[in-house]
Amino acid sequence: MPSVTPPWTLREYAFIADGERGALIGPRGDIAWMCAPRWDSDAVFGSLIGGGGSYTITPTETFVWGGYYEPASLIWRSRWVTVSGIIECREALAFPGRDDTAVVLRRIEAIRGDARLQVRLQPTAEFGRLPMRDVRRDDATGCWLANVGSLRMRWSGAADAHVVGDTAAERCLESTVVLTEGESVDLVLELSDRELHGPPVAAPQAWADTEKTWAAAIPALGPTIAPRDAAHSYAVMRGMTASSGAMVAAATMSLPERADEGANYDYRYAWIRDQCYAGIAVAADGPHELLGKAVDFVSERLLADGPKLRPAYTGSGEAVPDQRRLELHGYPGGYDLAGNHVRDQFQLDIFGEALLLFAAADRHDMLTTDSRGAIDAAVDAIGANIDRPDAGIWELGERRWTHSRLACAAGLRAIAAARVVRDPGALSTLADHIVADTSSQSLHRTGRWQRAADDDRIDAALLLPALRGALPGRDPRSVATYRAVERDLSRDHYVYRYPPRQGLGTNESAFLLCGFVMALAAQQQGHTVEAYRYFERNRAGCGTPGLFSEEYDIRQRQLRGNIPQAFVHALLFEASSTLARTTAEDTEGSQ
């Protein structure tokens, strides 16, 4: 009986998504992670963290692996060069996705020479606890049917497959695919929480619809210093954004930031802060769809919850579930953990980030009636809570974090300049008060910002207030903060969040979000060459398929944490657009 493919280093996984769910595909054509039917559902393919379930298409000959995305899409092509030829497997989730049904499209193609591959399908419900049952072939269609927990399964294109496995837990479907040069075969897997009535999905039409939808989803971008990567980052964010407008923070859970350190989290939810970062980033280029989706989702949650706005929600806007252990082996160096403790936190800065998002939308004339009401809710929440301790951007213990307060000041200043507010003067006055009060308590003796009144350390998040307009970039406090981050938190043009316990580059990894923020800050300070260095260094901190995790281990050159991390792709997008624009403006101004 073949064993489940062990997990790979994270840099080798490709990612496909349809907005409602996503999947990771490893070098041996193994779908090692997919939750169904939705992002925060239990995994049906969970071998990534030691659970059951996998879907593998692997050449039988010795091979080396590669792959690439088709332009401006999340259509991935696994590519294997074998000892006798070249094989590709075109991979996608049918796009746009339905919230109740996942459709996995896989087209195997013999590019050069003949091809022989082994196919193995073994979906399991509840992270591997419930194997397939009632496995049968429909002789009329040639499709395989089964129940997987509460899900219904239909698999077409492999009529000659056979059931193997001596026990229910080992039960899987296997097939050998043999193709001559130029031939191809389509495999279509449907998994739904509803009965699969009607004919099976027709692969040619599903591929055509997916290609067409991706072509329409990725806008023509303005000036950018990294056109392909900016378009790819937009595609990743679009693939992680549900029909509700919610963008999940990452597709995965329980991937460790540091080995055996307990830094394991479930990121399959929509963080308000991350959603605002994505919308603001997209607005740097134009009035694109993802800006509107961010505005809609954040507005809806603010109108519903007001000052009790949660830091994160499920893709359908519900509360994030409590944390729980799953009793799995976990990804090496980590452990299994579903749900997130953030559900019970108060984070002050998200109200400021929401106002920054709405101000960005206003500049593109994309505010709605609901978002105008949400602006009032966010302003009221800031006024009522500005002196309340919160968990902060890094979700730590409750303090009066400097970043949280200055983020609110930035949001108030930005929205005061919008056309929709009734009393901009009052908002500006409140922002002035917040900055002055914070400066009186949280300004380091060297003139830079410090993390909190009772914590004099530097923090890379303190670059953001100047970038977002809480105070000017050339303000002495902004300049001193930039220099401190450059001196104390930067290594080889990667940036750490704050001083770790054991020194930079030991047990902590660089934070890629902060690297792209530093690129923007360097440009704001007039250090254009340094801005490009930070941008390019952090742009290189991705895996082979161009995906970013949350952290990057600069010593081992490995990705750490959940993947793909949407806000890293967002800040790459923003930095690419902003550097192109400001560099052009500087050039024109010097002529």
- Which numbered condition residue 310 fails, given (1) surrounded by 19 or more Cβ atoms within 10 Å (Cβ to Cβ); (2) in contact (Cβ under 8 Å) with a residue 40 or more places away in the chain; (3) not in a helix (DSSP H, G or I): (2)
- Counting residues that are surrounded by fewer than 22 Cβ atoms within 10 Å (Cβ to Cβ) and outside the structural domain of residue 324 (by TED's automatic domain parsing), which helices (runs of 4 or more DSSP H) fully inside segment 177-284 reach at least 1? 203-217
- Message: Just to verify a result, which residue in segment 29-82, among those that are of a type in the set (A, V, I, L, M) and surrounded by fewer than 24 Cβ atoms within 10 Å (Cβ to Cβ), is modelled with the lowest pLDDT?
- Response: 72
- Note on the structure: Checked segment 64-78 for anything touching a residue at least 24 places away in the same chain (Cβ under 8 Å) and over 22 Å from the mean Cα position of the chain (by Cα); matches are 65, 66
- Query: Inside segment 356-407, can you point out the residues that are of a type in the set (Gly, Ala, Ser), farther than 30 Å from residue 289 by Cα and at pLDDT below 95?
  - Reply: 397
- in a loop (DSSP other than H, G, I, E, B) and either farther than 23 Å from residue 440 by Cα or not assigned by TED's automatic domain parsing to the domain that holds residue 264 (or both), is that true of residue 388? no
- Note on the structure: The condition of being under 26 Å from residue 470 (Cα atoms), in contact with a His (Cβ under 8 Å, 6 or more places away or on another chain) and buried (at least 22 other Cβ atoms within 10 Å of the Cβ) holds, among 302, 291, 348, 355, only for 291
- Query: How many residues, within segment 550-566, are closer than 16 Å to residue 17 by Cβ and either in contact with an Asp or Glu (Cβ under 9 Å, 6 or more places away or on another chain) or surrounded by fewer than 24 Cβ atoms within 10 Å (Cβ to Cβ) (or both)?
  - Reply: 4
- Among (1) surrounded by fewer than 24 Cβ atoms within 10 Å (Cβ to Cβ); (2) in contact (Cβ under 8 Å) with a residue 60 or more places away in the chain, residue 547 falls short only on (1)
- Task: Inspect all residues belonging to segment 321-329 and state whether any of them is free of Cβ contacts under 8 Å to residues at least 40 places away in the same chain, in contact with a His (Cβ under 9 Å, 6 or more places away or on another chain) and surrounded by fewer than 18 Cβ atoms within 10 Å (Cβ to Cβ).
- Result: yes
- Residue count for segment 394-442, restricted to those that are outside any helix (DSSP H, G or I) and surrounded by 24 or more Cβ atoms within 10 Å (Cβ to Cβ): 1
- Result of the Cβ filter at 6 Å on segment 511-522, keeping first residues that are free of Cβ contacts under 8 Å to residues at least 40 places away in the same chain and partners that are buried (at least 24 other Cβ atoms within 10 Å of the Cβ), at least 6 apart or interchain, is 515/494; 515/495; 515/534; 515/538
- Query: Filtering segment 117-144 down to residues that are more than 21 Å from residue 23 (Cα to Cα) and of a type in the set (Asp, Glu), which residue is nearest to the chain's Cα centre (by Cα)?
  - Reply: 134
- Item | Every residue from segment 119-163 that is of a type in the set (Val, Ile, Thr), over 20 Å from residue 105 (Cβ atoms) and not in a strand (DSSP E or B) | 124
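The values are calculated or read from the model by the stated rules, or taken from the named source; none is laboratory data. Since the structure is predicted, the reported quantities are computational estimates derived from the model, not experimental observations. Note that we place each Cβ from the backbone using ideal geometry, even for glycine, and neighbour counts take in every protein chain shown.
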